[in-house]
Structure formats: structure tokens, C-alpha cells
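Enquirer: Take this structure first; my questions come after.
The values are calculated or read from the model by the stated rules, or taken from the named source; none is laboratory data. Because the structure is a prediction, the values reported are computed rather than measured. No Cβ is skipped: glycine too gets one built from the backbone with ideal geometry, and neighbour counts run over all protein chains shown. With ligands, DNA and RNA removed, areas are computed over all heavy atoms of the protein, side chains included. Shrake-Rupley method; radii C 1.70, N 1.55, O 1.52, S 1.80 Å.
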Amino acid sequence: MSIKNVSFFKSVERNFDKAAHFTGLPKGLLEQIKACNAVYQMHFPVRINGEYQVIEAYRVQHSHHRMPTKGGIRYSMSVDQDEVMALAALMTYKCALVDVPFGGAKGGVKIDPKRYTDYQLERITRRYTTELVHRNFIGPGIDVPAPDYGTSSREMAWIYDTYQTLKNGELDAAACVTGKPITLNGIRGRTEATGRGVFYGIREMLSIEEDMQKIGIAKGIAGKRIVIQGLGNVGSYTGLICQNEGDARIIAVAEYEGAIYNEHGLDMAALIQHRKDTGTIMTFSGGKPLENRQVALELDCDILIPAALENQITSENAPRIKAKIIVEAANGPVTADANDYLVKKGVIIVPDMYINAGGVTVSYFEWLKNLSHVRFGRMEKRFEHNAFEKLVNAVEKYTGKTIDAREKLILTKGADEIDLVNSGLEETMITAYHTIRDTWKANPKIEDMRTAGFVSAIGKVGSDYMNLGIFP
Ligand code: NAD
């Protein structure tokens, strides 16, 4: 079968099949892991400007091998059953890969959020949530949504409020959705988690000299020339953190309205603020406009980070891609045929199922926080501070030297919620990177990092089914 123009879901299935035979799992079990367990397509009416509009929406639960299922909700005109199924399947493999104990799910509402007022979006979100509650497709132990393309903590707050209203008195109601505002049982670090996770993943990968030598680039993220597509949640935090904490150079950014370039590096904080203020990146004085948004993807650079939507690098533009590494911050940005072409050319493609797993990892922390009804760090922060202070005092006493007051403050700080979240995220991204790398190295027939990721993820889901005794 030609792999050109296959659907997004077929493309995920194809990646699965490429990896499946390396796992040694029985055929029937592989078929079960691959299948979407539950697909709920809905249509509901919402009154907009005095007229009724029928809204098409979905929630797909790909795998129930672990409960609850988990995955974002997308608001976009590209939403259809195939897309939501593909994204739900990716969530299963993503969660398995980073040891987040959920099955995969995804939701989608086929609307262009830019065409609605805040009030109208709230009505759509609340109506969608009501549908999910009525069909038992949402709940702390059932299915837990999160933000995705076109949604943010605001929509999650509406979902939480609607759920809580309909399920009055449910003690764990806050755990029905993640990515909520901090003041509404959210967690510090969730908004930037996906971008931060992308940074940790890139940094880890670039720290291994042996691997970087193979593609002819120097070790380390500092100074690397990066191009980013999409300055939404994922793209903006990826750029900001790679620049501020990794000392990388973001030489170009592409957005809906066009693309801009600066060889010395764009000031990401200023650029993000500029787009917030003016609605465009094109008038930003710190960069030069490019011909169109597509050419940014084809610039000479070390790392290309598509962080907008799927199907951005295709068989059409792949021959013009010059990046040595493509980091799939978005879900499915490289089509199956483009992937094969680029891998053969020696480009390393860091797969979505690994690199954008930071969001679901911190969502997992938020869910745990909601179930335990206590902020991370609340019990131990002061205890740690006191213990460190005793230690520092003892060092001063026995050495006869005084430690500088500022340094003392740093040394004796107990961990806050944000410290624990970021450290848990960093640990997760580093461990998962080495899981993929070890799988890849252990089997020289595996062609690319994506296949290695799938092998590892399928193995973990498969072992769950085996342990459940469903496939003895
Ligand atoms: P977002 O809506 O916050 O941002 C997406 C941005 O991409 C928008 O600013 C949009 O204008 C821009 N864009 C759209 N089409 C474009 C194009 N052709 N060229 C350039 N820019 C374009 O969405 P997000 O939450 O940042 O999600 C982006 C991707 O990351 C999606 O694929 C999503 O599934 C994936 N993802 C998101 C999260 C998360 O936590 N938000 C987690 C994992 C994966």
C-alpha cells in the first residue's frame, strides 16, 4: 500500500505495525492494543446570536488497560473522528512510555474558537461537558480531559465547574479534569509543562556526544540554532525555556500570519508579549519577515520544532528540510511518508509520543494532588528547611567559617510545589529518553527513534494485559 495520503489514524497504526513485530507479543494481543475501545460521536445544539447551531464533537477512549483514560480536548475545524482516534491512540503510547498510569483518550469539538465570543465558548464547553457526564465519559476514575490545541485552563475551569454542579458532593470532583487554573485546584507548572518537557528532552539528547557526532553537530543545547512553528502554549514555552535555561538561539518563528527570522536569535519573551499586544509576530522589530510561514520550516538550522498541528512536514516539503533534528512538539507534525524519507536522509526525528509527554506527566501530578487534597510540598517544605538549616549551622560551627547569607538562603530552601513538579518532570523526561535509546541500541534493526518508542510503549501496555490475565 502506498503510504502517501494515509489518514492520521492509519499513520499511527502504521507506526504501530512497524514496531509490533519487535515486541514478540501475540497477534491477538497486538490487535487489542491497537484498537480504539470506545468512540463517542455527538451532536448538540447551542444557541448563538439567537440561532441554534449544531455542534459536532467527539470523545475517544483508545485503551482501558489502565484507568482512568486521559487526553486533551481540542477546539479546531480540523477535528473529525479519524483525528481524535489518532490522538487518543498516541496518548496510550505516550502515557505508557513515560510511566503515567492512564489509558489514552482524546476529545475534539469541531469549531473555530476565534469565531465565538468568550460567553459562546463557555456555553459550548459546558454543553460538551454535560454530554460527557450523561454518557459517563468523564470522571476522576473514568476519563480525565486536559487542554490541547485551541483550549486552555479557562476551558478546563468551565469543565470542572459543570462537572461539579452535576455531581454535587463528589469528594474527588476536582480530579475530573487537569490543566485547571491554580486557584481552582490546578497545579503550578502545568501551563508550561509540555514546553518544559520538550526542553528537558532536547537537552538530554544533545548531551550525549556519541549520538551527536553521528549527525555532525556539537554536544550540548547551548548555541544551537532552532526554528519553531506555532507560538501557542507548547511553542512559546519551548522557545522561552530553550533560550533562557538552555542558551539556545531561536532563529525563526512561524505563526498563522507569517514567519520572522533573526540569525542572532529572537528575544522570545519580547516576541510573545508583542503577539499578545498586537495579535501578530510580523511587526516585531527584533526580526525580519520571511516570504511566508512555510519557508521557515525549510531554513538551515540544527533543530526544527513543529509545535502547531499535524501534517506540517509532508512528502512535498520534506526534500527541502535542512534541519538535522526534528522535534515533534506537536502531535503528528511529520507524515508517515515524510518520516521515511527524512530518516533515510539521516535526520533524527524525536517522536511526539515522547517529546510532548510533559503535559500529561504534570497532569498526572495534578490528578494526584486533587485526589490527595493537599498541595505538594505543604507537609515537608518547612521540615526540610529546618533540617538544612541545622546542617548549615553545624558546617559553620565545625569549620569556623561563615556561609554568605544569600547562599545560606539557597542551601536551606525547602521544596515548593513548583520545585517538585519540575523535578518530577525532569526525571520523567530523562528516564524515558534513556528507555527509548536503550531499546533502539539493543536492536540494530530498529530504524528510528519513533519505532523504538513504540516498541517500548507497546511492550508496557502488553505486559499490563498479560498481568491482568486477559492474555495468558
Ligand atoms: P495552541 O492552540 O496553544 O497553539 C497552537 C498555535 O499554532 C497557535 O498559536 C496557532 O495560531 C498556530 N498555528 C496554527 N497553524 C499554524 C501554521 N500552519 N503555521 C504556524 N502556526 C500555526 O495549541 P498547543 O496547546 O500549543 O498545541 C500545539 C500542538 O501541541 C498540538 O498538536 C497539540 O496536540 C500538541 N500538544 C499540546 C499539549 C498541551 O499541553 N497544550 C500537550 C501535548 C501535545
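Enquirer: Are any residues in the range 419-434 of a type outside the set (F, W, Y) and open to solvent by less than 40 Å² (accessible area, probe 1.4 Å), and if so, which ones?
Expert: Of everything in the range 419-434, those that are of a type outside the set (F, W, Y) and open to solvent by less than 40 Å² (accessible area, probe 1.4 Å) turn out to be V421, N422, G424, L425, T428, M429, A432.
Enquirer: Looking at the range 324-332, can you tell me whether even one residue there is more than 13 Å from the ligand (Cβ to nearest atom), at pLDDT 95 or above and of a type in the set (G, A, S)?
Expert: No.
Enquirer: Filter the range 227-272 for residues that are among the aromatic types (F, W, Y) and within 9 Å of the ligand (Cβ to nearest atom); which is least open to solvent (accessible area, probe 1.4 Å)?
Expert: Only one residue tops the list, namely Y237.
Enquirer: For N311, only one of the following conditions fails: (1) assigned to a loop (DSSP other than H, G, I, E, B); (2) out of contact with any Asp or Glu (no Cβ under 9 Å at 6 or more places or on another chain); (3) open to solvent by less than 10 Å² (accessible area, probe 1.4 Å). What is its number?
Expert: Going through the list (1) assigned to a loop (DSSP other than H, G, I, E, B); (2) out of contact with any Asp or Glu (no Cβ under 9 Å at 6 or more places or on another chain); (3) open to solvent by less than 10 Å² (accessible area, probe 1.4 Å), N311 breaks only (3).
Enquirer: Taking into account only those residues within the range 189-221 that are within 16 Å of the ligand (Cβ to nearest atom) and not in a helix (DSSP H, G or I), which is farthest from T428 (Cα to Cα)?
Expert: Ranking the qualifying residues of the range 189-221, first place goes to T191.
Enquirer: Yes or no: L304 away from the ligand (no atom under 16 Å from the Cβ) and either in contact with a helix residue (DSSP H, G or I) (Cβ under 7 Å, 6 or more places away or on another chain) or under 21 Å from A432 (Cα atoms) (or both)?
Expert: Criteria not met by L304.
Enquirer: Same structure again: For the range 222-235, what are the residues that are assigned to a loop (DSSP other than H, G, I, E, B) and either more than 21 Å from the chain's Cα centre (by Cα) or on the phi < 0 side of the Ramachandran plot (or both)?
Expert: A222, G223, K224, L231, G232
Enquirer: Given the criterion among the aliphatic types (A, V, I, L, M), closer than 22 Å to E328 by Cβ and surrounded by 19 or more Cβ atoms within 10 Å (Cβ to Cβ), identify the matching residue among I159, I187, I202.
Expert: I202
Enquirer: If I filter the range 274-290 down to residues being touching a residue at least 24 places away in the same chain (Cβ under 8 Å) and out of contact with any Asp or Glu (no Cβ under 8 Å at 6 or more places or on another chain), which single residue comes out as most open to solvent (accessible area, probe 1.4 Å)?
Expert: For the range 274-290, the residue satisfying everything is K288.
Enquirer: Here are some residues: F388, F383, F376. Which one is modelled with pLDDT of 95 or more, surrounded by 17 or more Cβ atoms within 10 Å (Cβ to Cβ) and over 25 Å from N339 (Cβ atoms)?
Expert: Selected residue: F376, the only one of F388, F383, F376 that is modelled with pLDDT of 95 or more, surrounded by 17 or more Cβ atoms within 10 Å (Cβ to Cβ) and over 25 Å from N339 (Cβ atoms).
Enquirer: Please state which of the following conditions N370 fails to meet, knowing it meets all the rest: (1) within 14 Å of the ligand (Cβ to nearest atom); (2) within 25 Å of M156 (Cβ to Cβ); (3) under 24 Å from the mean Cα position of the chain (by Cα).
Expert: (1)
Enquirer: Taking D99, is it within 16 Å of the chain's Cα centre (by Cα) and among the acidic types (D, E)?
Expert: Answer is yes for this residue.
Enquirer: For A296, state whether it is out of contact with any helix residue (DSSP H, G or I) (no Cβ under 9 Å at 6 or more places or on another chain) and part of a helix (DSSP H, G or I).
Expert: yes
Let's see how each residue does on (1) within 14 Å of the ligand (Cβ to nearest atom); (2) farther than 20 Å from G235 by Cα; (3) touching a Leu at 6+ places or on another chain (Cβ under 8 Å):
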residue	(1), (2), (3)
I138	no, yes, yes
E155	yes, no, yes
L166	no, yes, no
A175	no, yes, yes
I182	no, yes, no
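Enquirer: Conditions: (1) modelled with pLDDT of 95 or more; (2) within 16 Å of the ligand (Cβ to nearest atom); (3) within 21 Å of I250 (Cβ to Cβ). Y354 meets all but one. Number of the miss?
Expert: Status for Y354: all satisfied but (3).
Enquirer: Continuing with this model, one more query. For the structure I just gave you, tell me whether V327 is in contact (Cβ under 8 Å) with a residue 40 or more places away in the chain, surrounded by fewer than 24 Cβ atoms within 10 Å (Cβ to Cβ) and out of contact with any Pro (no Cβ under 7 Å at 6 or more places or on another chain).
Expert: no
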